Amino acid sequence: MVVEIKKVGVIGAGQMGSGIAHVCAVAGFDVALNDISKDRIQSGLASINGNMARQVSKGQLDEESRTAALDRITPADSMDQLADVDLVIESAVENEQIKRKIFTQLCPLLKPEAILATNTSSISITRLAATTDRPERFIGIHFMNPVPLMELVELVRGIATEDETFEASKVFTRKLGKTIAVAEDFPAFMVNRILLPMINEAIYTLYEGVGSVEAIDTAMKLGANHPMGPLQLADFIGLDTCLSIMQVLYEGLADSKYRPCPLLVKYVEAGWLGRKTQRGFYDYRGETPVPTR
Ligand SMILES: NC(=O)c1ccc[n+]([C@@H]2O[C@H](COP(=O)([O-])OP(=O)(O)OC[C@H]3O[C@@H](n4cnc5c(N)ncnc54)[C@H](O)[C@@H]3O)[C@@H](O)[C@H]2O)c1
């Protein structure tokens with residue numbers, strides 16, 4: 001029997017978690033949105049509000065649906081408020097220790113039949129599942145950024161994921177209007193296995209002085225017909241997330257070709273994480289982004 005999902009808990013109200021809450025609410029699911037502080041939840045809600053308003057102005061959503069969708073999202077400043085959800089989507093930072101801690105705290109609070117999903121970009125679903133009390137009800141539901149705009153979702157089964165969990169996740173993802181690509185549980189799955197080494201190589205190209213930020217991004221936009229340059233995309237993803245994914249690829253596949261570029265490491269150590277901190281390969285403090293190298 002496939003479990004019917006009506007209420008969704010989202011952990012992490014950053015750029016991905018707020019996007020996931022947004023699409024779930026628009027699709028008619030009740031949502032409880034959790035983060036480490038009330039402020040973070042409020043800023044997540046503010047960005048959902050702004051993004052929905054943009055959809056209304058573009059005619060993609062009517063005002064009534066926007067109000068109804070916002071009403072379906074409840075701020076959950078404590079994890080206890082996730083006790084009645086049918087599905088939790090964990091979308092906190094890309095750090096295995098933090099994710100494990102969240103699952104340890106969360107599992108005893110959940111209904112036994114609740115499905116637990118992670119939006120991890122790269123970490124082993126099997127390994128994360130093994131830290132929970134429900135590996136058979138654990139799955140990777142990997143959304144793309146920005147969630148309301150991007151059509152793809154990668155579904156990733158761990159070794160123990162049961163068919164029922166997989167089927168319920170498929171039904172849920174389709175209700176969000178997304179297209180599913182099924183990936184096996186290998187480091188960084190499919191999209192990031194291909195995309196992140198390209199971004200890392202673009203950072204090496206900058207590091208070695210082959211081209212400037214602007215030249216590299218222009219080259220890939222006009223020379224390879226990419227809608228965004230790789231350095232602009234890295235800033236958009238978040239340089240901390242890019243580095244974590246490269247580390248997972250490097251360690252998980254034990255191949256030196258995935259070695260994170262030292263310049264990426266340095267930017268993350270400086271706290272220059274891209275758009276979310278207003279500085280990465282571009283400076284976002286002015287009206288238009290300015291390349292920094
Ligand atoms: N950025 C992308 O393009 C992208 C795309 C797909 C998937 N992802 C994945 O989504 C997840 C989140 O990424 P993001 O880009 O939204 O990052 P982000 O930095 O924008 O947001 C992360 C949020 O997690 C919160 N958080 C940290 N510890 C927490 C805890 N213990 N409990 C609850 N919340 C906690 C932070 O306060 C923050 O609000 C990561 O696993 C990432 O790999 C990211």
**OP:** Mind telling me which of Glu154, Glu90, Glu184 comes out most flexible in a GNM of the chain, alpha-carbon contacts under 10 Å?
**Re:** Glu184
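Show me the ranking of peptides 19-28, 70-79 by mean Cβ neighbours inside 10 Å, starting with the highest. Please report the intermediate quantities before stating the final value.
Working: 19-28: 23.6, 70-79: 16.4.
Highest-to-lowest ranking by the protection proxy: 19-28, 70-79.
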Subject >> Spin-label model distance (nm) - Lys111 vs Ala46, 7 Å beyond Cα toward Cβ >> reply: 3.4 nm
Subject >> Separation of alpha-carbon centers, region 1-39 and region 228-293, rounded to whole Å >> reply: 27 Å
Subject >> Net charge of Cβ neighbours under 15 Å - reference Arg66; Lys, Arg +1; Asp, Glu -1 >> reply: -1
**OP:** Take the Cα pairs of the chain, get the Kirkwood Rh, then feed it into Stokes-Einstein at 10 °C and 1.306 mPa s and tell me D in µm²/s.
**Re:** 81 µm²/s
Original post:
Under 17 Å Cα-Cα from Lys101, which aspartates and glutamates qualify once same-chain neighbours fewer than 8 residues away are excluded?
Top reply: Asp35, Asp77, Asp80, Glu90, Asp133
**OP:** Identify which of Ile125, Ile139, Ile194 has the largest mean-square fluctuation in a Gaussian network model of the chain, with springs joining Cα atoms closer than 10 Å.
**Re:** Ile194
Original post:
Under a point spin-label approximation (7 Å from Cα along Cα-to-Cβ), what is the Glu136-Ser65 distance to one decimal in nm?
Top reply: 3.8 nm
Subject >> Dipole moment magnitude, nearest 20 debye, region 135-291 about Cα centre, only Lys, Arg, Asp, Glu C-beta charged >> reply: 320 debye
Original post:
To the nearest 20 debye, what is the magnitude of the charge dipole of region 223-284 about its Cα centre, counting +1 on the Cβ of each Lys and Arg and -1 on the Cβ of each Asp and Glu?
Top reply: 80 debye
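May I ask for the net charge around Asn95, where only other residues with Cβ less than 13 Å from the Cβ of Asn95 are counted and Lys, Arg are +1 while Asp, Glu are -1?
On the way: positive: Lys99, Arg100, Lys101; negative: Glu90, Glu94, Glu96, Asp240.
Its environment carries a net charge of -1.
Probe radius 1.4 Å, ligands and nucleic acids ignored: give me the carbon and sulfur share of the accessible area of the chain as a rounded percent.
On the way: 7140 of 13740 Å².
Here it works out to 52 percent.
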Original post:
Excluding Trp272 itself, what net charge comes from residues whose Cβ is under 13 Å from its Cβ, given Lys and Arg +1 and Asp and Glu -1?
Top reply: +2
Original post:
In nm, to one decimal, how far is the modelled label at Arg259 from the one at Arg285, with both set 7 Å along Cα→Cβ?
Top reply: 3.4 nm
**OP:** Determine the order of Thr104, Thr218, Thr241 by accessible area, beginning with the largest, at a probe radius of 1.4 Å.
**Re:** Thr104, Thr218, Thr241
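When the chain is fully extended, how far beyond the present Cα-Cα distance does Asn145 get from Met190, taking 0.36 nm per residue of separation?
Values: separation 45, 0.36 × 45 = 16.20 nm, distance 1.50 nm.
The Asn145-Met190 span can extend by a further 14.7 nm.
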Subject >> Under 16 Å from Lys6, Cα to Cα: lysines that are on another chain or at least 8 residues apart >> reply: Lys111, Lys170, Lys175
Original post:
Computed over the Cα atoms of region 191-291, what is the convex hull's projected area averaged over all directions, in nm²?
Top reply: 6.2 nm²
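Report the extension gain between Ala215 and Lys38 in nm, rounded to one decimal, defined as 0.36 nm multiplied by the number of residues separating them, less their alpha carbon distance. Can you show the working numbers first?
Values: separation 177, 0.36 × 177 = 63.72 nm, distance 4.13 nm.
Between Ala215 and Lys38, full extension yields 59.6 nm more.
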**OP:** Identify which of Gly177, Gly50, Gly17 has the largest mean-square fluctuation in a Gaussian network model of the chain, with springs joining Cα atoms closer than 10 Å.
**Re:** Gly50
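As a test of reading the structure, rank His142, His226 by solvent-accessible area (1.4 Å probe, protein chains only), most first. Walk me through the intermediate numbers first.
On the way: His142 10, His226 60 Å².
Listed by decreasing accessible area, they come as His226, His142.
The values are calculated or read from the model by the stated rules, or taken from the named source; none is laboratory data. What you are looking at is a predicted structure, and each value in this text was computed from that prediction instead of being measured. Virtual Cβ from ideal backbone geometry, glycine too; neighbours counted across all protein chains shown. SASA here: full protein model, heavy atoms, side chains in, ligands and nucleic acids out. Shrake-Rupley method; radii C 1.70, N 1.55, O 1.52, S 1.80 Å.
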